[in-house]
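First the structure, then my questions, so here it is.
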Amino acid sequence: MRFKHYLIFTIVLTFYKIDAQTRAKGLEEKVQQLTDLTAKKSIISLNYNRFKDYVKAPPRDYSFVVMFTAMAPSRRCAICQHVYDEFLVVANSFRFSQIYNNKLFFGMVDFDEGSDIFQMLRLNTAPVIMHFPAKGKPKPADSMDFERAGIHAEAIAKWIQDRTDVQIRVFRPPNYSGAVAVATLFALVAGFLYLRRNNLEFLYNKQMWAGAALMFCFTMVSGQMWNQIRGPPFYHRSKNGPVYINGGSHGQFVLESYIVAALNCSVVVGMIAMIEAAGGVKNPDVVRSQVDGKKRRFQSVVGLILVCVFFSLLLSVFRAKTQGYPYSFLFK
Amino acid sequence: MPATAAGKPVNGPNKGLFQNTAGFSTLITVTVLTLAWLAGFASRLFAVIRFESIIHEFDPWFNYRSTAYMVQHGFYNFLNWFDERAWYPLGRIVGGTVYPGLMITSGTIHWILHTLNIPIHIRDICVFLAPVFSGLTAIATYLLTSELWSRGAGLFAACFIAIVPGYSSRSVAGSYDNEGIAIFALQFTYYLWLRSVKSGSVSWSICTALSYFYMVSAWGGYVFIINLIPLHVFVLLIMGRFSQRLFVSYTVFYIIGLLLSMQIPFVGFQPIRTSEHMAASGVFALLMAIGAMKYLHSLNPKGQWKQLLIVGGLTAAALVFIMVVFLTYMGVIAPWSGRFYSLWDTGYAKIHIPIIASVSEHQPTTWSSFFFDLHVLVCTFPVGLWYCIKNINDERVFVALYALSAVYFAGVMVRLMLTLTPVVCILAGIAFSILLDLVLKEDEVIMTQPEPEESKNLYDKAGKVKKRTQEPLPPADAVLGMNVRSGTLIAFMILLMLFSVHCTWATSNAYSSPSIVLASYGNDGSRKILDDFREAYGWLSQNTAEDARIMSWWDYGYQIAGMGNRTTLVDNNTWNNSHIALVGKAMASNESAAYEIMSMLDVDYVLVIFGGAIGYSGDDINKFIWMVRIAEGEHPRDIHEADYFTERGEYRIDSEASKTMLNCLMYKLSYYRYDSGGSPPGYDRTRGSLPGNRGFKLTYLEEAYTSEHWLVRIYRVKKPDEFNRPRIPLAKRTIPTSNAVSKKFTSGLGSGVQYDTTSKRRKGLLKNKPTIVKGKKVGRLE
């Protein structure tokens, strides 16, 4: 009996001692564990316990950057994957750089694994990147603002530098997909040319080249480059139904630029039809012998209508966008 | 434009009088070109008529200042000019950092006029230079288009370019900038290049090189020429259109153009040291290789030469390419500069060069600005392109490449709309000319053969001219019928009329504001001129010391130097990013931190633009976020962009704004003592809110001047002895003797030296007095 008491006492003592040890040695041990984890994978995935131990529990001398996300396909978070990729780039850049130390760790919480963490931090959205400083509680500025900074790795690195004074030089794994695509395209074209080496007549087809050039012009003139750089919505959904034309002259929607390209194209087609109907530029003999007068007259009238109507439409769209523009033609 | 419309009927009545076709068409050409010149000139005068003969905006002020310097001190002194008034304390070697073509052009005109005893002020030459050159551009475009298609198309193109807003945006009276003359040089160089390719004569190539030299001296956009011409040659080689003419014209042009372009101090050795110019030398080497192989071929015309030629050409091309890449890698050739690189990689500038991204004309182009600048031309120029490609020859390859590259660049950057406009005018001119030519020619065949005297008034000039140059069609062609033809004519006349009224409207409303004089319109249509900028700059020049240093954001550097004649820290020649960032940091810091920077930079006055009282949106608070960004790029430890936003990421100035924002120097200088602007006094009409920090006091600065509508505010930076200085032990106290401050008073009085000595004597007197208190008082008074 006494022996038993002793045993219990010893056990209790041992446990107590272990407990005390973890508390006392906690910091070193934690850092050691985190370093080991980071060595395996540069982003530590956190569940509730780990989150509490490593991120929330007080003895810390390291900063923790945690991404809260929902990667499961069922959550249908398209942006999460992008953010994860960029975040991984940053974490890897830090992990394999010379300034790597154990003052900064990267972590990740998936909603499906740690929904209680989301509740604890009162997070309703994902993805969120938060910084947990070594001392004190996270301030509002410690969660990153994607709206303003963007989601690029450079932006994340800059934000981390803001918060922790650790300057991470983002090193992207070289992206060969562009080069591969171009090489494949070249190979395809070269192969195609090689296969048809006995019949390269199509390369001298001026109509094809002219068509391609015109396509390029329409693309540029309708502001596709602006779309590419600014990334506007396809069209705007408002309460009163969809809006296809942006009201201001400094913005446009993707659909709007397609409409404009189509309008431009119709005007050009109309004008070319008129010219061809009237005899074309160089070889009017061919046209004259084949098409009789009535048909040519008809073609000419159709061309004229195309030009006038579609140009007026273009003008009225422009007028709707430009404040105080006084002129219009056919339509208001 | 009225004159374009007027240009059309001219040929009708004249027609009967002149049976000599050549003389007749020359007369028409001259008349139309003269009218186009006049119309172009007249349509650019809105600013002069509404305001006065004044230099516009920012960069023109620098150009004007250096032109005036050159006229006063001579060309060589201008080349050696070290401007210690800019970029204090660094200074700027102006002669080596400008394209001097603009100054030389107006200086030459000034010299000629004065030799002829016509006393005209250099300012008026500067103001009217760009409108005059627009006429020359029209003529150059006419020549270029006639080389490409026909003289009728040329006349159309000349009329278009004379008034099109895309070009008049940069060439209204008073906008005295490089682009004003550079577009002329661009078009003229291209014309001469096509001439030399057509003729293969050395003299035309040398003319091309000379014109290219003028372009290099005038504008940094010469890089467009030195890449487009080699591209043309290269594409011709690929198409198998190598010829001796091409060989002669390109080699002569390249060598002479290279040597000449290196004579411009600002360009220097760039043509052989930077990637932007490498295409030209690569094509030169390739052309040489192909020329050599052709020569070998001509020695022995038999055998497997054709295959050897192709293989040899490909090898040569590959060799040249690898060579250039290798040299770039070795660092012999500088890689693409950021400004050019950002044209290809469109996201580059936004991340790496905020100072480029911050300028609004470096943004991509929406379709509505294409339409605004080109109107009907934007949907007709593809027709011209279509027919140019379908009837291809050596010259039309050039115009197709010109159009495709220019339309790409214009899509990337609003500013490069300027290089697109000429080629759009050319191609649209061709399109209109083809159509109206056909429509009118049939008319001609039916009507003129029975009785030539009857046909009047219906004809368009272009159709008229063109008819003479091409072989007439047989009468069997007349199938379209009268109604269709006249319908077409009327419709297209309406389109052209819409175009001309649009051009006038756009030039008048969008491009004719001098931006240093503002106008506001009352409800009854009365106009009120706000002349705050000149008022404030005038105050600076009259009331501050000669060598006073003014700190402001870089936008206003040229204006302060040009109108106020004072030293600036940064200006629109944004060559030193870290210096600009330092100024940005000063503006973004709180008062005491800013004072440290300002005393480090010897700043005497700070100038801010504040539009809150009149609702002027281009003021410094709206630009402020760029100052923060640029400062953050250089001083990431001290400035954080996020600090200037609210917690929700909004940029505000009212009571919800962040603390950093409310206490930074720019904020304080803008809203200090501000009580104007509407119903609650102190309401900011630009931002539409009430400032969050009001009624504060300034410690380190004092208000020196505020213009009538609060637009320009100038503050004097106090000397260290002027604000709550710490108590100094009795023994260490001295009376200050050096006095920038007292000078400021004396310069106002106009008798500097005398007054200065008396004040010194008075000081000496006080110093000898035993009581310290009085001495201190004098120090304060000063």
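When the Karplus curve 6.51 cos²θ - 1.76 cosθ + 1.60 is applied with θ = phi - 60°, which whole-Hz ³J(HN,Hα) does each residue of region B:508-518 get, with x for Gly and Pro?
Karplus-based 3J(HN,Hα) across region B:508-518 equals 5, 8, 9, 10, 10, 9, x, 6, 9, 10, 9 Hz.
Cα-Cα pairs above 26 Å in region B:134-258: how many percent?
The share of Cα pairs beyond 26 Å in region B:134-258 comes to 22 percent.
Report, as an integer, the average count of C-beta atoms from other chains found within 10 Å of each Cβ along B:637-648.
Working: counts 3, 0, 0, 6, 4, 9, 2, 0, 3, 1, 4, 3.
Rounded to a whole number, the mean comes out at 3.
Let me ask something additional. How big, in percent, is the set of alpha carbon pairs in region B:2-433 lying more than 34 Å apart?
Taking all Cα-Cα pairs of region B:2-433, the fraction more than 34 Å apart is 36 percent.
Can I ask one more? Counting only C-alpha contacts under 8 Å and six or more residues apart, can you give the relative contact order of chain A as a whole percent? Working shown, then result.
On the way: 319 pairs, mean separation 40.0, N = 332.
Here the relative contact order equals 12 percent.
What residue among A:MET71, A:GLY248, A:ALA181 has its Cα farthest toward the positive end of the dipole of chain A, where the charges are +1 on Lys, Arg and -1 on Asp, Glu, each on the Cβ?
Working it through, the farthest residue towards the positive pole turns out to be A:GLY248.
Students often get this wrong, so check it: of A:LYS41/B:LYS659; A:LYS40/A:LYS103; A:LYS135/B:LYS668; A:LYS206/B:LYS441, which have C-alpha atoms separated by over 29 Å? Please report the intermediate quantities before stating the final value.
Details: A:LYS41/B:LYS659 40 Å; A:LYS40/A:LYS103 17 Å; A:LYS135/B:LYS668 33 Å; A:LYS206/B:LYS441 27 Å.
The answer is A:LYS41/B:LYS659; A:LYS135/B:LYS668.
Could you please report the charge total around A:ASP53, scoring K, R as +1 and D, E as -1 over all other residues with beta-carbon less than 11 angstrom from its beta-carbon? Walk me through the intermediate numbers first.
Working: positive: A:LYS30, A:ARG50, A:LYS52, A:LYS56, A:ARG60; negative: A:GLU29.
Cβ neighbours under 11 Å give a net charge of +4.
Further question: Taking the Cα-to-Cβ direction at B:ARG339 and at B:MET239 and moving 7 Å from each Cα, how far apart do the two end points lie in nm?
If labels sit at B:ARG339 and B:MET239, their model points lie 3.2 nm apart.
If exposed means no more than 11 neighbouring beta carbons inside 10 Å and the site is in a DSSP loop, what's the longest run of chain A without any exposed chymotrypsin sites (Phe, Trp or Tyr not before Pro)?
The longest uninterrupted stretch comes out as A:177-332.
Counting protein heavy atoms only and a 1.4 angstrom probe, how many square angstrom of accessible surface do chains A and B bury in total, to the nearest 100? Write out the running numbers ahead of the final one.
Numbers: alone 23050 and 35370 Å², together 52500 Å².
Roughly 5900 Å² of accessible surface disappears when A and B pair.
Another question about this same structure. Under a point-charge model restricted to the Cβ atoms of Lys and Arg (+1) and Asp and Glu (-1), what is the dipole moment magnitude of region A:205-321 relative to its Cα centre, in debye to the nearest 20? Please list the in-between numbers first.
Numbers: 12 positive and 4 negative charges, 33 e Å.
Rounded to the nearest 20 debye, it is 160 debye.
Rounded to the nearest 0.05, what FRET efficiency is calculated for A:SER115 and B:ILE93 with R0 set to 41 Å and r the Cβ-Cβ distance? Mind showing how you got there, number by number?
Details: r = 65 Å, r/R0 = 1.59.
Step by step, r from the Cβ atoms, then E = 0.05.
Here's a follow-up. Could you compute the FRET efficiency for A:TYR258 and B:ASN565, with r as their C-beta to C-beta distance and R0 at 35 Å, rounded to 0.05?
Numbers: r = 54 Å, r/R0 = 1.53.
My answer for the efficiency is 0.05.
Another one. Over the Cα atoms of chain A, Rg to Rh with Kirkwood Rh, two decimal places? All intermediate terms of the calculation are to be shown ahead of the outcome.
Working: Rg = 33.1 Å, Rh = 26.8 Å.
Reported Rg/Rh, Kirkwood definition of Rh: 1.23.
Still on this structure, I have one more. Please state, as a whole number in µm²/s, the translational diffusion coefficient that the Stokes-Einstein equation yields for region B:63-219 at 37 °C and 0.692 mPa s, with Rh defined as the Kirkwood radius across alpha carbon pairs.
Working: Rh = 16.9 Å.
Result for D is 194 µm²/s.
Mind jotting down a quarter of the surface of the convex hull over the alpha carbons of region B:644-709, in square nanometres, one decimal?
Values: hull surface 18.9 nm².
Directional mean of the projected Cα hull area for region B:644-709 stands at 4.7 nm².
Taking chain A as a whole, which cysteines find no other cysteine Cβ under 4.7 angstrom from their Cβ?
Taking the Cβ cut-off of 4.7 Å, the unpaired cysteines of chain A are A:CYS217, A:CYS265, A:CYS308.
Assign unit charges at the C-beta atoms only (+1 for Lys and Arg, -1 for Asp and Glu), then state the dipole size of chain A relative to its Cα centre in Debye, rounded to the nearest 20.
Values: 40 positive and 23 negative charges, 64 e Å.
Using Cβ point charges on Lys, Arg, Asp and Glu, chain A gives about 300 debye.
Taking +1 at the Cβ of each Lys and Arg and -1 at the Cβ of each Asp and Glu, which of B:SER405, B:ALA428, B:ASN391 sits farthest along the dipole of region B:388-445 towards its positive end, judged by Cα position relative to the Cα centre?
Toward the positive end, the furthest listed residue is B:SER405.
In whole angstrom, and with the biggest value first, how far do the Cα coordinates of region B:530-718 range along each principal axis?
In descending order, the Cα extents are 45, 40, 28 Å.
Let me ask something else. Working from Cα positions, state the angle (0 to 90°, nearest 10) between the long axis of helix A:293-321 and the longest principal axis of chain A.
40
Find, to one decimal place in angstroms, the Kirkwood hydrodynamic radius of region A:190-284, where the mean of 1/r is taken over every pair of different Cα atoms and then inverted. Mind showing how you got there, number by number?
Values: mean 1/r = 0.0603 Å⁻¹.
Evaluated over region A:190-284, this radius sits at 16.6 Å.
With the crude spin-label approximation of a point 7 Å out along Cα→Cβ, what separation in nm comes out for A:ASN47 versus A:ARG169?
3.9
At 0.36 nm per residue, minus the direct Cα-Cα distance, what do B:THR34 and B:VAL501 gain on full extension? Give it in nm, one decimal, please. Walk me through the numbers on the way to the answer.
Details: separation 467, 0.36 × 467 = 168.12 nm, distance 1.98 nm.
Separation in residues times 0.36 nm, less the Cα-Cα distance, equals 166.1 nm.
Can you figure out the FRET efficiency of B:LEU698 with B:LYS528, using R₀ = 22 Å and their beta-carbon distance, to the nearest 0.05?
Working: r = 31 Å, r/R0 = 1.40.
Once the sixth-power term is evaluated, E becomes 0.10.
The values are calculated or read from the model by the stated rules, or taken from the named source; none is laboratory data. Given the structure is predicted, the values throughout are model-derived calculations rather than measurements. Quick reminder, even Gly has a Cβ in these numbers, built from the backbone with ideal geometry, and neighbours come from all protein chains shown. For accessibility, only protein heavy atoms count, side chains too; no ligands or nucleic acids. Shrake-Rupley method; radii C 1.70, N 1.55, O 1.52, S 1.80 Å.
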